[in-house]
Amino acid sequence: MDYGRSERPAGAAPLPTAIKILIAGGFGVGKTTLVGAVSETRPLRTEEVLTETGIGIDDLSGVEEKTTTTVAMDFGRITLSDDLVLYLFGTPGQDRFWFVWDELALGAIGAVVLADTRRLADCFPSIDYFEGRGTPFVVAVNCFEGAKQYRLDEVQGALDLDPEVPVVLCDARKRESVKEVLITLLEYAMKLREERRRAVGD
Amino acid sequence: MTGQGETAEHEWVDDHAGPVVRPYAVTGGRARPVTGTFDLISLVTATRAEVGSESGLGPEHVAIVGLCQRIQSVAEIAAHLDLPVGTVRVLLGDLAARSLVQVREPRATPAGLPDDSVFEAVINGLRAL
Ligand SMILES: Nc1nc2c(ncn2[C@@H]2O[C@H](COP(=O)(O)OP(=O)(O)O)[C@@H](O)[C@H]2O)c(=O)[nH]1
Ligand SMILES: [Mg+2]
């Protein structure tokens, strides 16, 4: 896996650093909309083909294995500079796709959990997952028309969140709003890193 | 057979109703790449402007080299070629073994995360968007 040794055309610019943020939440909560609002192209879709038993992503061990499931992920790219590219991945919501989440969460700098106050319970699995993994996350309440407006502290209480976890309002269709959510996540993730570093007396 | 339901969600994404390619046919039944792990956001660039019909390379390999004239992530390659990610990993392994692509795995500290400067650069980059 050491690509550092592979040849690179003389004088070619080094490849940029790529990082990813996950966008999680229940079906229809606005994940794809959010990705599209801030990405440089329309959301792309990629698929993992999985066996129904779901042992592992690459365990398609033989042609006799016929029962396969396709898990689709929507994602978008934001080129931040010549040497930095951010990818946003909308994660599939169902519990039985945890192993896809594991792959997505590996190396992710954080996650946005989108919540719809009309169906708050839909984001419980995402919150449980990121809490369990220690992945920094923020909760963004996507404000649909006609939804009763709750105060953010009410949402925080209903989700039984650590009081440190930022809860913000957003409009997943609006670029500026989504930018704010992402910046909130990054600042929170940095703060958590600092705290964790201090906790180990580093 | 398109195999694609026309839902509102599909209108959002960049898929197209091409024939579904059987992944096994493309990889010759192989499930794993000969080399490399290929994270979804590993970045790939071609080391050559094009490849001819070298032995063992199929049209999908050639298509990847074409796509990767511009830097692409593994996820983007899969999306543009309409192939499952696992299949693309196998094809990329073949190309990496021949040094036809250069791959950059995501930068990470031993803990598996990017370093502080990356966080700051992302915040500044987002503000400037
Ligand atoms: N009113 C309103 N509609 C939204 C908002 N975000 C998404 N939608 C709509 O909700 C539907 C589902 O959004 P989508 O992004 O596909 O949800 P996903 O399943 O989480 O990816 C779409 O019809 C969107 O246009 C929002 O902030 N406000
Ligand atoms: Mg979606």
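The values are calculated or read from the model by the stated rules, or taken from the named source; none is laboratory data. Here the structure is a predicted model, which means the values were calculated and not measured. Glycine gets a Cβ as well: all are built from the backbone with ideal geometry, and neighbour counts include every protein chain shown. Note: accessible area is taken over every heavy atom of the protein model, side chains too, but ligands, DNA and RNA are not part of it. Shrake-Rupley method; radii C 1.70, N 1.55, O 1.52, S 1.80 Å.
Per-residue answers, yes or no, for (1) open to solvent by less than 30 Å² (accessible area, probe 1.4 Å); (2) assigned to a loop (DSSP other than H, G, I, E, B); (3) among the charged types (D, E, K, R):
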site	(1), (2), (3)
B:ARG32	no, yes, yes
B:LEU40	yes, yes, no
B:VAL51	yes, yes, no
B:VAL62	no, no, no
B:GLN69	no, yes, no
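Residues that are modelled with pLDDT of 95 or more, closer than 25 Å to A:ALA72 by Cβ, at the interface with chain A (Cβ under 10 Å from one of its Cβ atoms) and within 9 Å of the chain's Cα centre (by Cα) occur at least once in the range B:44-55.
Considering the conditions (1) within 15 Å of ligand 1 (Cβ to nearest atom); (2) touching a residue at least 12 places away in the same chain (Cβ under 8 Å); (3) within 14 Å of chain B (Cβ to nearest Cβ), A:GLU176 is excluded by exactly one of them, (2).
Table: residues versus (1) among the charged types (D, E, K, R); (2) open to solvent by less than 50 Å² (accessible area, probe 1.4 Å); (3) at pLDDT below 90.
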| site | (1), (2), (3) |
| --- | --- |
| B:ALA79 | no, yes, no |
| B:LEU83 | no, yes, no |
| B:VAL88 | no, yes, no |
| B:GLY112 | no, yes, yes |
| B:ASP115 | yes, no, yes |
